[in-house]
Structures are given as structure tokens and as C-alpha cells.
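Okay, so here's the structure we're looking at.
The values are calculated or read from the model by the stated rules, or taken from the named source; none is laboratory data. Because the structure is a prediction, the values reported are computed rather than measured. Don't worry about glycine lacking a Cβ; one is built from the backbone with ideal geometry, like all the others, and counts go over all protein chains shown. Heavy atoms of the whole protein, side chains included, go into the accessibility calculation; ligands, DNA and RNA do not. Shrake-Rupley method; radii C 1.70, N 1.55, O 1.52, S 1.80 Å.
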Amino acid sequence: MSEKDLVLDLKNLNVKFVTEDATVYAINGLNMELERGKAIGLVGETGAGKTTTALSLLRLVQSPPGVVECDKMEINGKDVLTMGIKDLESMRGKDISMIFQDPMTALNPVFTVGEQIAESVFLHENCTKEEANQRAIEMLELVGIPGERAGEYPHQFSGGMKQRVVIAIALACHPQLLIADEPTTALDVTIQAQVLDMMKNLREQYQTSLIMITHDLGIVAEICDEVAVMYAGTVVEKGTLEDVFNHTKHPYTEGLFNSLPNINDRKAKLTPIKGLMPDPSNLPEGCAFHPRCPYATEACKQPQHLRQISDTHYVVCDRYNEPDFHIEREEK
Amino acid sequence: MKRLFAVLMCLVLVFGMAACGGPSESGETENVVTIAVADEFTTFDPMETSAEANQIVQDLVFDMLTDTDLTKMENAGELLESWEMVSPTEWNFKLKEGIMFSDGTECNVDDVFFSFERGKEHSAASGYIAKMESWEKIDDYNFTIKLVGAGDVDFNYTFAANQLSVFSKEAFESMPEEDALKVGTGLYMFDEFVSGDHVTLVKNEKCTLYPQTNVDKLVFKMIPEAAARMIALENGEVDMIMSPDATDYERLRTTEGLQLLEVTGRTQHFICFNQKSPNEFITNPEFRKAVAYAIDKDEMILAAWDGNAVKSTSVQCRDVEFYVDLEGIPYDAAKAQAMFEELGAVGQTFKLVTSDAAHRVKIAENFQAQMAEYGITIECEFMQQAALMELCTSDGTTSGTEIIVMSWTPGKNGDYMYRNTTHSTGGRNYAQFNDPEIDALIDKAAGCEDKEERAALYKELQETLTYDIVGWIPIAQHQIYVGSNDRIEGVLLHPALVHSFKYVSVVE
Amino acid sequence: MIRYIVKRILLLIPVILAVSFVVYFLMDLAPGDVVSMLAPQDATPEQIEQLKEELNLNGTLIERYGRYILDLLHGDLGDSYMQKRPVMELFAERFPATFKLALASQVVALLIALPLGITAARRRGTLIDGASMITAMIGVSMPSFWLALLLIILFSSKLGILPSGGDNGFASLIMPAIALGTSQAGSLTRITRSGMLDVLSSDYLRTARAKGVPEKTVIRKHALKNALIPIITIFGSNLGNALGGAVAIETVFSWPGVGRLTTTAVNQRDTILATGCIIMFTLFLNVTLLIVDIAYAFVDPRIKAQYSK
């Protein structure tokens, strides 16, 4: 295997939440590798476990009730699993940063935006308070907010601007890896475009690796290099944009594409995936998707295996053991 | 961090203020005697108040023309050398010579008359002044007084009222009233007053009326909680405590270094009947007599005061002049039962009202329990003292009261015992007496010059009230207790709580 | 902000007038009157009349109340019936003691409630949470005068290291402050706990942690400042009420505060003194609440913005 410069190396992540009533299996055997400078889209419906995955990387999963088990978790070459609290704290915000979904509640209402950005800088960089404040103003300018507004409070900003502040905080210390958890979901479409544009530019400027968590395949197409499709706590298909969009392999991925409305064919019927996401405390045996899968057979009730299609492309579906099996969307 | 700072600032503020508050303790070379009292001292002016809490302190600064000699328990001259009753309406008085005020001036008749004039303006004293029609100076130490109406054969007692303290005319003319009120003939002078906390007196070196004492400072500390007073005494924080809790009597008697002083109080506790009540039983003297036979006073005394009271057999207080030790209506349950049955009182319900003071509640409840044995129901209602006073002094025909548990603390003279409580014009006529014969007896006794005749009149009054009318059923006079350590001596207890500290000294 | 403050101060006037009305009328309607309490036992009817004159008690209730209000508007609270001194003077003599005790007891309450409440919130559902809340509830359930007596017995009687009562310097403040503060700590602890719980589940704490802010700082800086609003509210109202005096504590510790002054005034039907004390209490309570409301503005910028509208 070639020596890849991995900014993230995650093997066999399992996260469950143990409560009095039931145990919720949120993440089941998830693997992820990300090369430095690349952007991967983590796609899936709500409840697939995308946010939990991101939190696990930062070791921010509440435990109890959460139980995190993992074979390997390395960020920027450092072993996150065995890290002490102090090292973890210095890693967060510096090596790896996260942008959360809801900008309205992500900022502390009683501190100014400048203070909140400067805090990150002051924590991780060896500098004076004045220097940190200066950097905060610079970051604000960078995300398109006038520097004079550094002394204002979050409630004085609109949703889109709040999200920019959040991005400014996340990027203040130039992290190697940025996790963006549905950063534009709560914003208007026009603002969405602006924010995405800005993120692209910043990525280019700082060569930040990115995990973009989203349910929107369009965003993935715009900003990512690779795609990982998640279902019921595990990655079912992963590959480059070309691989997944044009050589779709997993029936679930096909279902996602099929449920997108076609602007060219407005009269066509929408074809959603039938059924609902499984209850994570009561997952189906074998392939978690099989109850909803149009291609399901008895074999699908057995534990599934990873099948490498190419260097960059793999799928988790044992039906591909049969030489003739293919899905409809194949080879578009 | 800012929060911590804010909290610290608060603490500093509090400490700073706490350090500022309160007087510093006196030096070790001074002899300070501290007395813990239960009620608050409120005013320096004897003419503004009749509360014992004030009088006990004012008595050390001011003197009256006469006062009760607590060693002999009789009225004696304080500023007066002697007096002579020419007739019930004409009296001659002679002041002691050489009595000095703390401002250096001598006490003479001008000061006495000035005080009388001042008393006219103050309602607490004006009643006494109103008894005098005129006063005339004969010389610096002699004067004569004419009394209104029929006069008063006991007028010397009137001068013992604390409200008739004698002030220094010169002081009032040369100083603001606030300061003039601190000039007296007494052994002590006012030093400091912190409202609600303490009042301090210092020795008056110029005093000529009393022997000098080795006490330099006398502090009256206000400690409203009995348990706290006891602890302060045991700790040595105070030398004497008023009104100790009954549960502490034994402890005071037996602990080394502490003592329990007592005197029989001149307070008559009684059960009385509203003689103007529409209830036919209540207005029937036979029924009232039956009730008097029915109660076991010993049991009641045990319940209310743990036995620490002297049973009363006559309506009159024991140490009031002309007291006669009657046998009284004895406890006779069988006779009471027979009388109740004959009267048809069995099965009846009566209302009892009294204040919420602990001993009165216990008397009421004990009475209720005892009467229940005869098949008579007593409904008890307890109310605040102020409300009770208003109720019981209002018109008896409409007030709705039937039975009342009350008390009365007279002066030493016989008239004080009956004037306001038993005379039909009296202001504290709880039992609603309205008997012209009784009125006549009271008035005649008050104006009677001949001692033997007076004694006979008061005897008749007591017998009629105790045996025939039974408007009051007297229960007991309670013991008054004071706790003390043995560092001090010389306190004289007063049966009406105006204890005298004039002769207190520190044991050396 | 200034306009807001001025508005609040102006609002005080109708409040005080309303309070004076209610108290004055209630005192008058209560059975028993000050004359029978004040007049000597052997007073003649003439003396009683003179007393009424002296106390300015002539006229109907409306007339008397009218005279009272007229004086009040000139800043004159009148003279106490029983003590014959100006109410303002009496109140001013006793108030510093109450103020000291109120402040000290609230500080004690804070020192107990904050750590207890924060710990309980952070360890929600665990034994420590239960233990903290039980401790707070014990404090609330204990009658303050009972705790006071226990403290006196232990520290004054048995150990002899603290004075048993009175207001003489710092040493005598300790026990009353603890006795009063402990019983106040209960409500403050619960509010701290629920306020913190609310805040602990906020997204912005997650943001702070994701930034790498150390956990202690997350709690002390990010969380606590947001949880302060309800805490300040309860602290303020407790302090305001404590300024009215704590009668039980004042009695047991012989603390010369306004609580005893007011209660005695009511018991003795000293209408002028009682009304005056209650008016002063209302004034101080409202000023305290105003200060609390202004404090909000410094804690939460959103509220500051509201005030400036």
C-alpha cells in the first residue's frame, strides 16, 4: 500500500448510547481515510450518524451515555484515542475544527464575536491578547464581515453572518482538518451559495482538509473531491465524485439520486426510497438497508463485507459477489 | 474571575461595616455591670411612657417625691423629707435639703413645680397632675398642695409614679430638651443608647441622694429570647437576666456561681365574668359561685406556672394595703356539681376569651378541662393583647364576651386595686361591674382618714367581692424570678417588675 | 438605559402610595388600638382623650390617612406612637444592622448555593446530584431560629468562641449570617442547578469545547455567565426581602434590626411606625430589584439592548 499523507485515519468506529430503556447503535464499523488537502462529502439522511461521527473525531461524544470504541483514530498523525485531556484540548481548534449546523445557537450570546474568535487564537497560539484581538478582526474581514463589528454581540447579526463568524472561529488557527456539519442547511439558498463560495476560497488559501457533512448531493458536487455515503451508522459506498456519481454501485446511493427532482423533467414522478430509516436501537440483521432495498435477497441478512471496486472506490454490498449483479443506475 | 472579585468586594464591604457597628468593649479597669432585659428600652423621658422596660432604667437617673421602699415594701419619701395631710384635700410637703442634680444645681421646689407644669402636657403624667387643683411655694424646700374634689388620703402614693419624676428647671431652660432630659438626681446618668440593642448608664459622681457605688457603668442589654439570655449569663456576657425561662430555674439554683432571686409579684391573675352579658348563667351570682367551687386552683397553678405562684383566696393582691387573708371560696367538686345541676348549667356551652400569652393559654385550657368534668363546655378563643384589651373594655352588652382570663397589677394603695377595675366608671372594668353599693364602698374607703375605719371598709369590699358577687375568681399571684451571677449584689426586686439597681455593687 | 432607570424610579411613587394605603387601613381595621396599649393602667378618661390628641388620632380614618399622606409627600414619615420619636430616625438607627445581616446572609447563601448547584448540574442524575439537592433541602427545611439556637449552644455555650447575641463587630455577625443564609441557600441552589442544566445543554458550549476551551473554563466562563440571569433574579429578591428584617433571627440573636421593630409596631398597633417601616421596606426592596434589573444588562447584552429601546 502506498504511503498516503493522511490527515485522518479512522478504522472500525463503533459508537453506542446506553440508556435505561434501550441501547442505540449510532455508528457501526465505520472506516474513513482522508488525504491532506482533500475534501470528502459525508452524505446520508438525518439520523444516519453523520454528526456523531464528527463528534467522535473530536472526542466530544457525551459519555455517559455514549460508549466509543475504535481500532484506530489518527488525526494529523496523532493518536486521538489515547490522548490525554490536555492534549485533546490543545488539538481541538488547532489541528481539527468543527462548524456546527445551527448558527443561531452556536455562538455564546453574552460575549462579542471578536472575543469568541480571539479566544480560540489566544488558546492555541502563543500571543498576547492584543494580537489575538487583531487576528480576530482579520478573520472577520476574511469571512466578509467588517472588522469594526468585532465588538458586537451575536444577536446583532443575521443567520448568514453568524455562520460566517462560526467559520471564522473554526479557521482562526488554520486547522489541518475542518469538519463542517451541514453548515448551510439553516441558511437561505442565496446565502448558502455565498458561504460555500467563501469556504472554497478559504480551503484553497489554507489547504485545509475538509469533511463536509451534508444530505445535499448538490453541495457535495460543488465542493468535494470524494464522497462517502452513510447509512445506519456505517459507510456503504465511498469513492471519488466520478466514482459515486457516475458509477454508482450501492442501491441506497441509487435511491438517493433517484429521489432528486430533475429540473429538466419536471413532469416526472418523484421516486422516494420506500420505507423509513431503521430504529438504531433495533437494527436489521446483516445489511441495515435490506428491508428497503429493491434488490434484497436472503443473502442480505448476513453480515456484509467491503468490496473494493477500484483504488478509490468501494462498496459494502455482498450482492456484488454475484458476477452479474448490477443496479439500474450503473454505467450512466 | 470578575465574579470572584465581586463576591470578595461584597465580603470586604460587609466586614467593614460589621467592624464599624457596635460599641467597643470598655477597658478592664472599669467595673461594668450588664443586665439582660427582655423588652426594649425606647425613651429617656419618664413622662412619655408607662412601660416597665423604660421605668427600670429611668428610675436610676431620676427620682420622684416618694417611692416604694423595697426593703420594707412601703411608701417612703425619696426626694421628700416628710409630709403632712392636713385634710384629704390639703397636704404639706418638705423636700430633703442638699440634693444635687447632675448639672450641679440643687433640687428645690421650683424644680418640682416645673415638673408638674411639664406633666400637664404629657398624657402619661397628666392624669396625676389633674388630681391637684393648685400648688403653692412656701420656701425653697416647703410647699403645699390642694387636691380636687374629695381629695385623696393616699396622695403620697401618687407621687411614687415614675411619670412624676422631678426634672431640673435650670437644665430645661439652658439646654435643648434632649440634653435636659439627661439631668437627674439619680446615682447614674445616661451615656449611650443604641436602639434595640442596649442602653448604658454611667455613674453620677455628683449624686448626693444615694451612697456611691463601685459600679462605673451599668449596661442594659436587650435580649428578647429567654434561652439566649440564659446562655449569655452562663457565658459571663451578662451579670443578671430578667424573666428567665421556667425550665432554667433549677439550673440557676444549682449551678455554682449563679443564683435565682425571687419575689412574689403583685399581679392578680383571675377569671372574670362579663356581668352585662345577655347570658343568664353568667349574670347569675349563684352560677359564678358554683364555678368558684368547681375549680382546683392548685392544678391550675401547676399547669400555668409549674407551681411557681402563690394561690389567691381574696380578690385583692396580698401586698396591697389593707389586705385581709380570707379563706375564700374553697375547692369543692361535689358542691359545685350539685349547684350546676340545680341551676341547669350541665350541658351548657360558654365562651372564654383571653390573650395568647403562654400562661393565660394554659389557665384557659386547664379551666376548660376542669369544667368538662362537670359536663360544661368551654370554648376558648385566643387573641392578641391589643385586640383583647379593646374587646374587654368595650360595652359588655354587645361585646359578646362571657368569661375572660385576665390579670391586674396595682400599686400598693388600696384604691389602685379597685378604682379602674371594679368601679363602674373604671377604664379596665373587664367584669363590667355596675354596682352602686360597691362604688360607694370604693369611694368611701378612698376618702376615709381613719386607718381603722379604712381597714374595715376594705375588708367589707374584699368579702363582698370574693364571696357574694364573685365577679372575679382570683387564681394566683405568680413568682417573679431574676437570674444572677455572684459577681454582683444589692439588687432589689419589685413585685411589679420595676426592679431597683440603685444599690447594686460589684463584689470585690 | 437612563430613561429606563428614571421610569422605574417614577413607578415607585404609585407603589409606595398603594402600600401605605393598604397598611394604614389594615392596621386601623385590626381589632385593638394603640391608645389602650399605650395608656397607663390607671388612666382616667381625660387622660385617654389627651393621649388621643397628642397622637393626632382625632378624626375619621380618611381624615387621618389624608394627613398622613400629606406628611408623606413632604418626606415626613411621622412620629411613632409608642416611642414618640420620628419614624425615619428609628428606622435609620436600626436599618444598618439589618443591611449588614441581609448582605452577609446572602453572601453565605451564595457561597453554599453556587458550588452545590453547579456540581449538581454537572453531575446530574448521580449520587452527588442527589446529595447536593438533599443538602439544600435540609437547609430550607430547618427553621432558621432552630438552627440559630443550635449554633448559639454550640459556639457560645459549649465552645465559648462566639458571642451569643447583639451587634458588636464581626464576630457577632457570623452566626446570624450562617443561620439566615443557610435557610436562604435552598432556593438559590435549586435555581443555580436548573439554570446551569439549561445552559449545559446549549450548543454554544459545544462550540467552546470544539475550540479546545478547557472544561473548567467552559463551565466557569461560558456556562455560568449565561446561567446567571435566574441566579441573579433569586439572589436579588432574597436580598430585597432580607432587607425587611428577619424577625426570628433578630429575636434569637438580639439583633437590633428593623424586623423586630416592624413586628413590635404591628403588635402594639403603632400604625405610624408600622406603615413607615413597611414603606421603607418597599422602597428598599424595589431599589434592590431595580439594581438587579440593571445588573442583568451587564450580564446579558440582549437585555441591555432592550432597555435602550
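Restricting attention to segment C:171-178, does a residue exist that is surrounded by fewer than 23 Cβ atoms within 10 Å (Cβ to Cβ) and away from chain B (no Cβ under 11 Å)? Looking for residues that are surrounded by fewer than 23 Cβ atoms within 10 Å (Cβ to Cβ) and away from chain B (no Cβ under 11 Å), one finds at least one in segment C:171-178, hence yes. Applying the condition of being open to solvent by less than 30 Å² (accessible area, probe 1.4 Å) and not charged (D, E, K, R) to segment B:341-360 and asking which residue is farthest from B:GLY426 (Cα to Cα) yields B:ALA345.
Kindly indicate whether any position in segment B:175-186 is open to solvent by 40 Å² or more (accessible area, probe 1.4 Å) and either in a strand (DSSP E or B) or among the small types (Gly, Ala, Ser) (or both). No, because not a single residue in segment B:175-186 is open to solvent by 40 Å² or more (accessible area, probe 1.4 Å) and either in a strand (DSSP E or B) or among the small types (Gly, Ala, Ser) (or both).
Being in contact (Cβ under 8 Å) with a residue 60 or more places away in the chain, of a type in the set (Gly, Ala, Ser), over 16 Å from C:PRO214 (Cα atoms) and open to solvent by less than 70 Å² (accessible area, probe 1.4 Å) is the requirement here; does A:ALA106 meet it?
On the way: in contact (Cβ under 8 Å) with a residue 60 or more places away in the chain: yes; of a type in the set (Gly, Ala, Ser): yes; over 16 Å from C:PRO214 (Cα atoms): yes; open to solvent by less than 70 Å² (accessible area, probe 1.4 Å): yes.
Yes; evaluated as a whole, the condition is true for this residue.
Listed conditions (1) in a helix (DSSP H, G or I); (2) under 30 Å from A:ASP21 (Cα atoms) are all met by A:PRO284, apart from (1). Among the conditions (1) at pLDDT 90 or above; (2) surrounded by fewer than 19 Cβ atoms within 10 Å (Cβ to Cβ), A:ALA228 misses just one, which is (2).
So which residues in segment B:310-340 are open to solvent by 20 Å² or more (accessible area, probe 1.4 Å), of a type in the set (Gly, Ala, Ser) and outside any helix (DSSP H, G or I), if there are any at all?
First pass over segment B:310-340, keeping only residues open to solvent by 20 Å² or more (accessible area, probe 1.4 Å): B:310-311, B:313, B:318-319, B:321-325, B:327, B:329-335, B:337-339.
Narrowing further to those that are of a type in the set (Gly, Ala, Ser): B:333-334, B:338.
Answer for segment B:310-340, where residues must be open to solvent by 20 Å² or more (accessible area, probe 1.4 Å), of a type in the set (Gly, Ala, Ser) and outside any helix (DSSP H, G or I): there is none.
Does at least one position in segment B:147-163 carry a residue that is open to solvent by 60 Å² or more (accessible area, probe 1.4 Å) and under 22 Å from B:VAL61 (Cβ atoms)? No: zero hits. Residues in segment A:217-271 that are free of Cβ contacts under 8 Å to residues at least 24 places away in the same chain and of a type outside the set (Gly, Ala, Ser): A:LEU241, A:GLU242, A:PRO261, A:ASN262, A:ILE263, A:ASN264, A:ASP265, A:ARG266, A:LYS267, A:LYS269, A:LEU270, A:THR271.
Residues in segment B:187-219 that are closer than 14 Å to B:SER102 by Cα, in contact with a helix residue (DSSP H, G or I) (Cβ under 8 Å, 6 or more places away or on another chain), in a strand (DSSP E or B) and of a type outside the set (Phe, Trp, Tyr): how many? Qualifying residue count for the region: 2.
Please enumerate the residues belonging to segment A:174-186 that are open to solvent by less than 10 Å² (accessible area, probe 1.4 Å) and touching a Pro at 6+ places or on another chain (Cβ under 9 Å). A:PRO183 - this is the single residue of segment A:174-186 that is open to solvent by less than 10 Å² (accessible area, probe 1.4 Å) and touching a Pro at 6+ places or on another chain (Cβ under 9 Å). Note on segment C:117-145: residues that are hydroxyl-bearing (Ser, Thr, Tyr) and either closer than 19 Å to C:ILE219 by Cβ or open to solvent by less than 40 Å² (accessible area, probe 1.4 Å) (or both) total 4. Residues in segment B:139-163 that are out of contact with any Ser or Thr (no Cβ under 6 Å at 6 or more places or on another chain), over 13 Å from C:ASP42 (Cβ atoms) and outside any strand (DSSP E or B): B:ASP139, B:ASP140, B:TYR141, B:VAL148, B:GLY149, B:ALA150, B:VAL153, B:PHE155. One residue stands out in segment B:225-253 among those that are within 9 Å of another protein chain (Cβ to nearest Cβ) and of a type in the set (D, E, K, R): the one that is nearest to C:SER172 (Cα to Cα), namely B:GLU237. Of all the residues in segment B:414-440, those that are at the interface with chain C (Cβ under 10 Å from one of its Cβ atoms) and open to solvent by less than 10 Å² (accessible area, probe 1.4 Å) number 1.
Could you check, for segment B:77-88, whether at least one of its residues is among the hydroxyl-bearing types (Ser, Thr, Tyr), open to solvent by 40 Å² or more (accessible area, probe 1.4 Å) and assigned to a strand (DSSP E or B)? Lay out the reasoning, then the answer.
Pass one, segment B:77-88, residues among the hydroxyl-bearing types (Ser, Thr, Tyr): B:82, B:87.
Pick out the ones that are also open to solvent by 40 Å² or more (accessible area, probe 1.4 Å) and you get B:82.
Still in the running and assigned to a strand (DSSP E or B): B:82.
Yes, the conditions are met somewhere in segment B:77-88.
So which residues in segment C:60-100 are open to solvent by 40 Å² or more (accessible area, probe 1.4 Å) and more than 14 Å from chain B (Cβ to nearest Cβ)? Answer for segment C:60-100, where residues must be open to solvent by 40 Å² or more (accessible area, probe 1.4 Å) and more than 14 Å from chain B (Cβ to nearest Cβ): C:THR60, C:ILE62, C:GLU63, C:ARG67, C:LEU70, C:ASP71, C:LEU73, C:HIS74, C:GLY75, C:ASP76.
Inside segment A:109-126, residues that are part of a loop (DSSP other than H, G, I, E, B), closer than 24 Å to C:ILE303 by Cα and open to solvent by 10 Å² or more (accessible area, probe 1.4 Å) make up a count of 3.
Take segment A:58-108 and flag every residue that is part of a strand (DSSP E or B), farther than 16 Å from A:LEU6 by Cα and within 11 Å of another protein chain (Cβ to nearest Cβ). I'd like the intermediate steps shown before the answer.
So in segment A:58-108, the residues part of a strand (DSSP E or B) come out as A:66-69, A:72-75, A:78-79, A:92, A:96-99.
From what's left, farther than 16 Å from A:LEU6 by Cα: A:66-69, A:92, A:97-99.
Answer for segment A:58-108, where residues must be part of a strand (DSSP E or B), farther than 16 Å from A:LEU6 by Cα and within 11 Å of another protein chain (Cβ to nearest Cβ): A:ARG92, A:SER97, A:MET98, A:ILE99.
Scanning segment A:187-201 for residues that are in contact with a helix residue (DSSP H, G or I) (Cβ under 8 Å, 6 or more places away or on another chain), open to solvent by 60 Å² or more (accessible area, probe 1.4 Å) and farther than 20 Å from A:GLU141 by Cα yields a single hit, A:ASP188. Considering segment B:372-413, the residues that are at pLDDT below 90, crowded, with 21+ Cβ neighbours inside 10 Å and more than 9 Å from chain C (Cβ to nearest Cβ) include one that is farthest from B:ALA445 (Cα to Cα), namely B:GLY396. Of the residues that sit in segment C:16-34 and are free of Cβ contacts under 8 Å to residues at least 40 places away in the same chain and within 14 Å of chain B (Cβ to nearest Cβ), which one is most open to solvent (accessible area, probe 1.4 Å)? Out of the qualifying residues, it is C:LEU29. Residue by residue through segment B:215-224, note down the ones that are in contact with a Phe, Trp or Tyr (Cβ under 8 Å, 6 or more places away or on another chain) and within 7 Å of chain C (Cβ to nearest Cβ). Listed by number, the list holds a single entry, B:MET222.
So which of A:ARG319, A:ARG307 ends up being part of a strand (DSSP E or B), basic (Lys, Arg) and surrounded by 14 or more Cβ atoms within 10 Å (Cβ to Cβ)?
On the way: A:ARG319 fails: part of a strand (DSSP E or B).
Answer to the selection: A:ARG307.
State yes or no: is A:ALA170 in contact with a strand residue (DSSP E or B) (Cβ under 6 Å, 6 or more places away or on another chain), at negative phi and in a helix (DSSP H, G or I)? Working first, answer last.
Values: in contact with a strand residue (DSSP E or B) (Cβ under 6 Å, 6 or more places away or on another chain): yes; at negative phi: yes; in a helix (DSSP H, G or I): yes.
Yes: the conditions hold for A:ALA170.
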